[in-house]
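One structure is given here, and the rest of the page talks about it.
Quick note: the coordinates plus some simple rules give every number you see, no bench work behind them. What you are looking at is a predicted structure, and each value in this text was computed from that prediction instead of being measured. Positions of Cβ are generated from backbone atoms using ideal geometry, with glycine treated the same way; all protein chains shown enter the neighbour counts.
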């Protein structure tokens, strides 16, 4: 119970400056942190696509549907979303992508493939549910 007749009041806390989770004391570590973020993003996308693909494979009784979905929907969506219509040439739009942009996409595609492979292995093992 609160002091004012049983009501509990919440007082908002005001932060004057957002505190980062960590600070880089040495500016030379920025490349290492970015590499760590790239590795974590790639593994995250791979696990996420594996999970989504595994569930789709179970529900739709297909094996390679997540790969087709990835190629037909997600890759064009990833190209279209940052598209700059003011660019003169199509190559100018693709020049903005770097290897850092492609590595998580390849990881996600690998996750979709691994989910199809896992479903196929379970079916060959005699599991009828999959």
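If I ask for residues that are within 21 Å of residue 121 (Cβ to Cβ) and in contact with a helix residue (DSSP H, G or I) (Cβ under 7 Å, 6 or more places away or on another chain), which ones from region 63-86 would you list?
To start, the set of residues in region 63-86 that are within 21 Å of residue 121 (Cβ to Cβ) comprises 63-70.
Selection gives 63, 64, 65, 66, 67, 70.
Among the residues of region 110-118, are any exposed (fewer than 15 other Cβ atoms within 10 Å of the Cβ) and touching a helix residue (DSSP H, G or I) at 6+ places or on another chain (Cβ under 8 Å)?
No: region 110-118 contains no residue that is exposed (fewer than 15 other Cβ atoms within 10 Å of the Cβ) and touching a helix residue (DSSP H, G or I) at 6+ places or on another chain (Cβ under 8 Å).
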